[in-house]
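Novice: Mind looking over this structure? Questions follow.
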Ligand SMILES: [Zn+2]
């Protein structure tokens, strides 16, 4: 029996089921798509299906065979109606028998999804008012202001055609497969991969575009926001007419329109402590495309608890950074590097601080690139470094990130504290900043502007982290510098980096400004 067939007459599910009976199977799952009496606000009286039969049968058989191999099921079949169908008719039937039920369910779902996306079949709807028209399912069409959720199982994905059906074009990865580093094996790796993207905004848009274009097999999208007109200068994938709609849904529709082979799971909700661990399950890699610290640090902690790698991108006005948190006990995490930057509002997001559209575009593109390299096993950003890119000066830096011995996230994740010795006399303690100045130290405030405004630090140079390292060459390499931040963690990391660049007399104020207050 051929596994994918067309039928010009009504289907008999009982007979179809009998053909898949197998005594070694304990599970059987079937799906029936029915013709319903309305679509897109039109009352439908009947349907006609037309197929590009030769191509469709081959493609359909490939899908069923792929399901049998992928899920290890015993038997599977799909039958699609063609010709004229009445309301209530079964338009498509899928049946799968397997040793266990779970594979049967999953294979059944896979077949119906793939058939909808890949098999060239067209549908003509006949309406109550006597009109008729070839319709496409919006799931694969260009989004419009009238786009809706599409759960109706009777409609199939067809290229739009005005009485002139044409086969739907297939995704073509030849331009990337041509790379020696990708090849057919790399393409299979991408197809087998699953990536969860947190945030479908300025960073998430380029990330999703490139990952979908590259043929990453499964993409999850988490975003609880609705599109606003002020988003569009940087989120140029969306349309003005989409404003007010859930971004997770809009992004999922765009992914499907770009590449129907990608399986998309959209979650129109905000990541929180209650759902984060569940959401990251089943993905190979998580990309943080969020714009707030709460989400970033939550993801960081989830990475450490689950061992799931998370690639972070953050943008602030004209600069941004990338960091990969491997999620293991020995690699540094976000809190190892930024232990005090846990409050939102400390550094503004795009809404408050302003941003030019291409800035998140650049970082989202870099993030997509690093993600593809990660999935392909190519060299890239290591788990112990950060990439900082200033788009005003166009200067990039790769900084070493260190596993902080006192990191609370690592401690909470149950990792043993790193026993590596602290670099010698990197940190010093003073009762006051005046005392440090009296001892011959030049004070450098490495906090960012907002923190400095909130808590001024007189008689000091102001060189926020990224600037400090970019402008280190302007400092006297033999100078006695005391780096100061809120808690001493950032200044410690900065002092460590300056040390590695030859600043031997550079120190960090232990405990930062908080430490001073507790002494006083
Ligand atoms: Zn840590």
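The values are calculated or read from the model by the stated rules, or taken from the named source; none is laboratory data. What you see is a predicted model, and the numbers here were worked out from it, not measured in a lab. All Cβ positions, glycine included, derive from the backbone under ideal geometry; neighbour counts span all protein chains shown.
Novice: Check residue 202 against each of (1) in a helix (DSSP H, G or I); (2) over 29 Å from residue 110 (Cβ atoms); (3) under 13 Å from the mean Cα position of the chain (by Cα) and name the one condition it does not meet.
Specialist: Evaluating residue 202 over (1) in a helix (DSSP H, G or I); (2) over 29 Å from residue 110 (Cβ atoms); (3) under 13 Å from the mean Cα position of the chain (by Cα) leaves (1) as the failure.
Novice: Moving on to the next point. So in segment 90-110, with the set limited to residues that are touching a helix residue (DSSP H, G or I) at 6+ places or on another chain (Cβ under 8 Å) and outside any helix (DSSP H, G or I), which one is farthest from residue 67 (Cα to Cα)?
Specialist: 90
Novice: Under the condition of being near the ligand (Cβ under 9 Å from one of its atoms) and assigned to a loop (DSSP other than H, G, I, E, B), which residue from segment 330-339 is farthest from the chain's Cα centre (by Cα)? Walk me through how you get there before you give the answer.
Specialist: Taking segment 330-339 and keeping what is near the ligand (Cβ under 9 Å from one of its atoms), we get 331-337, 339.
Checking the rest, the ones that are also assigned to a loop (DSSP other than H, G, I, E, B) come to 331-333, 339.
Working: 331: 22, 332: 21, 333: 19, 339: 25 Å.
For segment 330-339, the residue satisfying everything is 339.
Novice: Another question about this same structure. From (1) surrounded by 23 or more Cβ atoms within 10 Å (Cβ to Cβ); (2) at pLDDT below 95, pick out the condition that doesn't hold for residue 307.
Specialist: Single failed check for residue 307: (1).
Novice: Now for a separate question. Could you list all residues from segment 365-411 that are away from the ligand (no atom under 16 Å from the Cβ) and either free of Cβ contacts under 8 Å to residues at least 12 places away in the same chain or assigned to a loop (DSSP other than H, G, I, E, B) (or both)?
Specialist: 373, 377, 378, 379, 380, 381, 391, 392, 393, 394, 396
Novice: I need the full set of residues from segment 178-199 which are over 25 Å from residue 320 (Cβ atoms) and within 12 Å of the chain's Cα centre (by Cα), in order please.
Specialist: Across segment 178-199, the qualifying residue is only 194.
Novice: Does residue 484 fit the bill of being buried (at least 21 other Cβ atoms within 10 Å of the Cβ) and either over 28 Å from residue 408 (Cα atoms) or over 35 Å from the mean Cα position of the chain (by Cα) (or both)?
Specialist: Values: buried (at least 21 other Cβ atoms within 10 Å of the Cβ): yes; either over 28 Å from residue 408 (Cα atoms) or over 35 Å from the mean Cα position of the chain (by Cα) (or both): yes.
The answer is yes for residue 484.
Novice: Which ones in segment 364-408 are out of contact with any strand residue (DSSP E or B) (no Cβ under 7 Å at 6 or more places or on another chain), crowded, with 18+ Cβ neighbours inside 10 Å and over 28 Å from residue 179 (Cα atoms)?
Specialist: Listed by number, the residues that qualify are 402, 403, 404, 407.
Novice: Against the definition (assigned to a loop (DSSP other than H, G, I, E, B) and crowded, with 19+ Cβ neighbours inside 10 Å), how does residue 266 come out, yes or no? Can you show your working first?
Specialist: Working: assigned to a loop (DSSP other than H, G, I, E, B): no; crowded, with 19+ Cβ neighbours inside 10 Å: yes.
It is false that residue 266 is assigned to a loop (DSSP other than H, G, I, E, B) and crowded, with 19+ Cβ neighbours inside 10 Å.
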